[in-house]
Amino acid sequence: MEGLSKNEEVGVGVQQIADYEIVQQLGEGSGGQVWLGRTPARLEISDDVVAIKTLSHAASDADFARLTDYLQLYASISSPNLVRLFDVGQQGNIIYLAGEYLPAGSLARPSRPFSRVDVLRAMADISRGAHALHEIGIAHRSIRPGNAMIGDHGAKLGDIGLSQLLSPGQTVTGTSRVSVIEYLPPELVQGQQASRASDVWALGATLHKVLTGQPLYPGLPTESLVSALRHILNERPTMGDALRNGERHIIEASVAVDPSERPSTAEALAIAIATEADRQAEKART
Ligand SMILES: Nc1ncnc2c1ncn2[C@@H]1O[C@H](COP(=O)(O)OP(=O)(O)O)[C@@H](O)[C@H]1O
Ligand SMILES: [Mg+2]
């Protein structure tokens, strides 16, 4: 079958992306569309199918070069808590990333019931995944429930590699939707570089959302991005009522305005969350 011609949009009814035979569309997100595709033999992996993300913004050669460099760097980390990335390619204007397919979805919409302890354990895993990325000098920059993917043996941080595509100089307003800015720490809104600490904030905001179902900023204006960003700079996060004390302490520390007051690493946060999970599990037994 022919691949897509240059400039052709990947759209409904697509059957082939590069040498991937498309089985179905899995969804659509902030950066583009996600497809289920059959694994070409050249990848030499045991997975029969992979999740392929096609990026909707026009990609430059520089974007592609950055992404392939990143893939090489990324291949050097092995963490059970990061979604595996197998391939990056370009077809016409379209860049695609092929990675591990996780049929159970994400914590944003889990495909099976999750107990509170399960949620905490999953978030400890996601924090460990973030730490593994940080250890090679990369900030994820879009940690949120929809990127906390559920695996067979623990949770895995997804959308790895996408942040590498956003050019370093790109502003928050240029890249964000109102629905994701509740995961942005104030220092990023002010234009600072992403860091371990900014990912720790996003982990705290994600933990808050998956435990309470509520956003950190209940009054966030949604009519315009600018007013939403202003709100983040002027207001403090509000802790949901449904939080247990131990959870509240962890989240409050993670979303401290001063980055130096947050847990110093995502691993430290992972340990705190896992300890809280153990404590709750123990309490449920007695
Ligand atoms: N590796 C994957 N395996 C299975 N489903 C995935 C995978 N990656 C993304 N999806 C699904 O595709 C949809 C869109 O994902 P994505 O583009 O990453 O959205 P978002 O921008 O919200 O992160 C979501 O429903 C997500 O659960
Ligand atoms: Mg995603």
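Each value in this text was obtained by applying a stated rule to the coordinates, not by laboratory testing. This is a predicted model, so every value here is computed, not measured. Positions of Cβ are generated from backbone atoms using ideal geometry, with glycine treated the same way; all protein chains shown enter the neighbour counts.
Odds and ends about this structure:
- Couplings 3J(HN,Hα) for segment 183-194, derived from phi with the Karplus relation 6.51 cos²θ - 1.76 cosθ + 1.60 (θ = phi - 60°), are 9, 9, x, x, 5, 6, 4, 7, x, 6, 6, 5 Hz, where x marks Gly and Pro.
- Normalising the average separation of contacting C-alpha pairs (under 8 angstrom, six or more residues apart) by the number of residues puts the relative contact order of the chain at 15 percent.
- Alpha-carbon centroid distance for the pair segment 56-92 / segment 202-228, whole angstrom: 29 Å
- Here each label is just a point 7 Å from Cα along the line to Cβ, and for VAL257 and GLU135 those points are 3.5 nm apart.
- Close Lys pairs in the chain, defined as Cα atoms under 26 Å apart and 8 or more places apart or on different chains, number 5.
- Hydrodynamic radius by Kirkwood, which averages 1/r over all alpha carbon pairs of segment 116-285, in angstrom: 16.0 Å
- Among MET149, MET239, sorting on how many other beta-carbon atoms sit within 10 Å of each Cβ, with the fewest leading, yields MET239, MET149.
- Estimated at 0.36 nm per residue, the fully extended path between ALA41 and ARG285 surpasses their Cα-Cα distance by 83.0 nm.
- Look at the alpha carbon pairs under 8 Å that are at least 6 residues apart: their mean separation over the length of segment 185-240 gives a relative contact order of 33 percent.
- Taken about its Cα centre, the chain carries a charge dipole of roughly 740 debye when the Cβ of each Lys and Arg holds +1 and the Cβ of each Asp and Glu holds -1.
- Among VAL255, VAL117, sorting on how many other beta-carbon atoms sit within 10 Å of each Cβ, with the fewest leading, yields VAL117, VAL255.
- Hydrodynamic radius (Kirkwood) for segment 16-99, which is based on Cα pairs only, to one decimal in Å: 13.3 Å
- Unit charges at the beta carbon, dipole of segment 16-99: most positive-side option, VAL23, SER79, VAL34: SER79
- Residue with peak Gaussian network fluctuation, the chain [Cα springs, cutoff 10 Å], from PRO263, PRO145, PRO221: PRO221
- Loop-located GluC sites (Glu not before Pro) in segment 25-125 (DSSP state other than H, G, I, E, B) with a sparse environment of at most 16 neighbouring Cβ atoms within 10 Å: GLU44.
- Proxy reagent accessibility, fewest Cβ within 10 Å first, across SER111, SER78: SER78, SER111
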